[in-house]
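What follows is a short report on a single structure.
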Amino acid sequence: MTQGQKIRIALVGDYDPSVPAHQAIPVALDRVANETGLNVQAVWLPTTDIGDGASLQAFEGIWCVPASPYRDMDGALTAIRFARERQVPFLGTCGGFQHALLEYARNHLGWADAEHAETAPESENAVITPLSCSLVEAFAPIRLRPGSRIAAAYGTLETQERYRCRYGLRKELEADVFAGPLKVSGYDQDDEVRAMELDGHPFFIATLFQPERAALEGSTPPLVKAFVLACAAELI
C-alpha cells in the first residue's frame, strides 16, 4: 500500500451514542492508527442500508459491532456472509459474534431454520440462546487456544475482557458447529465458548466479549490492532 492510502472499514450495526462499545470503537481505531501510522477510515453502515451487500466492495474490512437485535438482521447476516465467502478481514464483537455463528449455521452448515432466541424466542432451532448467567457489564477471564490467531494478537494465552451480553451459543451444538473450519479460540473459566476464528481465511475472528472497550480505559485493544493490520494487508 502507498503511504497515506486509506484503509476503509465498514462498521456494520445501528449506531447508538449511548452504547459504550459504540463510543469505544472510534477511540480504539484512532489509537491503532496513531500507533501504526496507518490511515484508518471507519464508516458506520446501518444494517438497514446493507441490502444485497454490493456497497461492501468498497471496504478492506468489515466489523460487525455490538448492540443487537439489529434493525435488519438480514443486513447483518449479508455483511458477515460477504466477509466470510469473499475472504475480507472480519471482526465480530458481542452481537457480531452471535450473528457470525448464526450466519455460519445457516449458510455453511445448511441449517436453514437456525435462529437467534432474542428475535425468535419460540424457535425450536435457536443456535443462540440465553446465557445461563448474564454477562451484562461483567469483566471475566478468557483462555485462548494455543496457536490461534487471537492468541497471537494478544501475545498471551490468558486475558480478561468486558462483556455486555445475555446470549451465546447453545452449548449442546458446540461439537457440530466447530467440527469444520470454524474453530473455538477462546473459552471462559466454565468452558463456555467466548471466541472463535475461521481456518483458511485471512482474518475472521469473533468474540462474545467487547475488546474495543479497553480503549475507553486508555489501552489499545490487541485484537482491534490485529484486525486493522489484516485490513492493511489487503492493500499490499
Problem - Selection from the stretch 179-212 of residues that are at pLDDT 95 or above and assigned to a loop (DSSP other than H, G, I, E, B) - result: Ala179, Gly180, Pro181, Asp199, Gly200, His201, Pro202, Phe203, Leu208, Phe209, Gln210
Exercise for the section: Identify all residues within the stretch 10-23 that are within 13 Å of the chain's Cα centre (by Cα) and β-branched (Val, Ile, Thr); write none if there are none. Expected result: Val12
Exercise for the section: Test each condition in (1) surrounded by 13 or more Cβ atoms within 10 Å (Cβ to Cβ); (2) outside any loop (DSSP other than H, G, I, E, B) for Asp176 and report the one that comes out false. Expected result: (1)
Exercise for the section: For the stretch 59-75, state whether one or more residues are over 25 Å from Gly168 (Cβ atoms) and either in contact with a Ser or Thr (Cβ under 7 Å, 6 or more places away or on another chain) or surrounded by fewer than 22 Cβ atoms within 10 Å (Cβ to Cβ) (or both). Expected result: no
Problem - Residue that is nearest to the chain's Cα centre (by Cα), among those in the stretch 198-222 that are among the charged types (D, E, K, R) and closer than 24 Å to Arg31 by Cα - result: Glu212
Exercise for the section: Looking only at the stretch 32-47, count how many residues are surrounded by fewer than 13 Cβ atoms within 10 Å (Cβ to Cβ) and either β-branched (Val, Ile, Thr) or closer than 24 Å to Pro130 by Cα (or both). Expected result: 1
Problem - One residue from Leu91, Leu56, Leu29 being more than 18 Å from Gln210 (Cβ to Cβ), of a type in the set (A, V, I, L, M) and surrounded by 14 or more Cβ atoms within 10 Å (Cβ to Cβ) - result: Leu56
Practice task
Determine whether Ala117 is in contact (Cβ under 8 Å) with a residue 24 or more places away in the chain and farther than 16 Å from Cys64 by Cα.
Solution key: yes
Exercise for the section: Check whether at least one residue in the stretch 157-166 is within 28 Å of Gln57 (Cβ to Cβ), modelled with pLDDT of 95 or more and not in a strand (DSSP E or B), and report yes or no. Expected result: no
Handout entry: Selection from the stretch 120-155 of residues that are of a type in the set (Phe, Trp, Tyr) and free of Cβ contacts under 8 Å to residues at least 60 places away in the same chain
Key = Phe139
Practice task
Would you check which residues across the stretch 1-26 are more than 15 Å from Glu212 (Cα to Cα) and in contact with a Lys or Arg (Cβ under 8 Å, 6 or more places away or on another chain) and list them?
Solution key: Asp14
Completion exercise
If we keep only residues of the stretch 83-100 that are small (Gly, Ala, Ser) and part of a helix (DSSP H, G or I), then the residue nearest to Leu223 (Cα to Cα) is Gly96
Practice task
Only residues that are farther than 23 Å from Pro211 by Cβ and either among the aromatic types (Phe, Trp, Tyr) or in contact with a strand residue (DSSP E or B) (Cβ under 6 Å, 6 or more places away or on another chain) (or both): list them for the stretch 99-124, please.
Solution key: Ala105, Trp111, Ala114, Glu115, Ala117, Ser123
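The values are calculated or read from the model by the stated rules, or taken from the named source; none is laboratory data. Bear in mind the structure is a predicted one, so any value in this text is a computation, not a measurement. Virtual Cβ from ideal backbone geometry, glycine too; neighbours counted across all protein chains shown.
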